[in-house]
Amino acid sequence: QLVESGGGLVQAGGSLRLSCAASGTITSMNVMGWYRQAPGKQRELVATINIGDITNYADSVKGRFTISRNNSKNTVFLQMNSLKPEDTAVYYCNLVLIPTQNTYWGQGTQVTVSS
């Protein structure tokens with residue numbers, strides 16, 4: 001189970017921090033990440049981080065968003081700075097277990113950036 005928190009409404013240029021806590025049976029090897037889906041658009045990758053803290057970012061968020069994790073608590077964070085109206089979307093936490101590739105999603109948290 002993945003439980004997200006931290007979404008909300010913010011003005012352009014502002015910051016938000018999303019958190020996602022994973023519970024249940026989690027293998028030591030896994031990748032956690034964040035995806036987002038704006039109205040009328042497909043879900044897209046925002047950022048991922050593996051157990052060794054290797055990160056991957058969408059070009060649209062590089063330099064503005066930072067993903068991090070606390071392995072002891074199976075928690076992943078997304079620090080979002082310099083937010084833009086185009087960042088408005090439902091943000092979903094994602095967990096992929098290695099090597100089974102079993103994939104889990106959170107319920108989503110709304111992020112709205114006003115201009």
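The values are calculated or read from the model by the stated rules, or taken from the named source; none is laboratory data. It should be emphasised that the depicted structure is a prediction, and the values quoted were computed from it without experimental measurement. Because the Cβ atoms are built from the backbone with ideal geometry, glycine has one as well, and the counts that use them run over all protein chains shown. When the accessible area is computed, the model is the full protein with side chains, heavy atoms only, and any ligands, DNA or RNA have been set aside. Shrake-Rupley method; radii C 1.70, N 1.55, O 1.52, S 1.80 Å.
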Examine the range 14-33 for a residue that is open to solvent by 60 Å² or more (accessible area, probe 1.4 Å), more than 18 Å from G108 (Cα to Cα), without any contact (Cβ under 8 Å) to a residue 12 or more places away in the chain and more than 11 Å from the chain's Cα centre (by Cα), and state whether such a residue exists. yes
Of all residues in the range 34-57, how many are on the phi > 0 side of the Ramachandran plot and either under 11 Å from the mean Cα position of the chain (by Cα) or of a type in the set (G, A, S) (or both)? 1
When the residues of the range 66-82 are filtered to those that are without any contact (Cβ under 8 Å) to a residue 24 or more places away in the chain and under 13 Å from the mean Cα position of the chain (by Cα), which remaining residue is nearest to V111 (Cα to Cα)? T66
For the subset of the range 90-111 comprising residues that are in contact with a Lys or Arg (Cβ under 8 Å, 6 or more places away or on another chain) and of a type outside the set (F, W, Y), which member is least open to solvent (accessible area, probe 1.4 Å)? V111
Hey, which of the strands (runs of 3 or more DSSP E) in the range 1-101, taking only ones fully inside, have at least 2 residues that are aromatic (F, W, Y) and under 23 Å from T112 (Cα atoms)? 30-37, 89-97
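Every residue, every condition in (1) closer than 23 Å to Q1 by Cβ; (2) among the basic types (K, R); (3) touching a residue at least 40 places away in the same chain (Cβ under 8 Å); (4) open to solvent by less than 30 Å² (accessible area, probe 1.4 Å), yes or no:
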site	(1), (2), (3), (4)
T48	yes, no, yes, yes
Y57	no, no, no, no
K84	no, yes, yes, no
T88	no, no, yes, no
V113	no, no, yes, yes
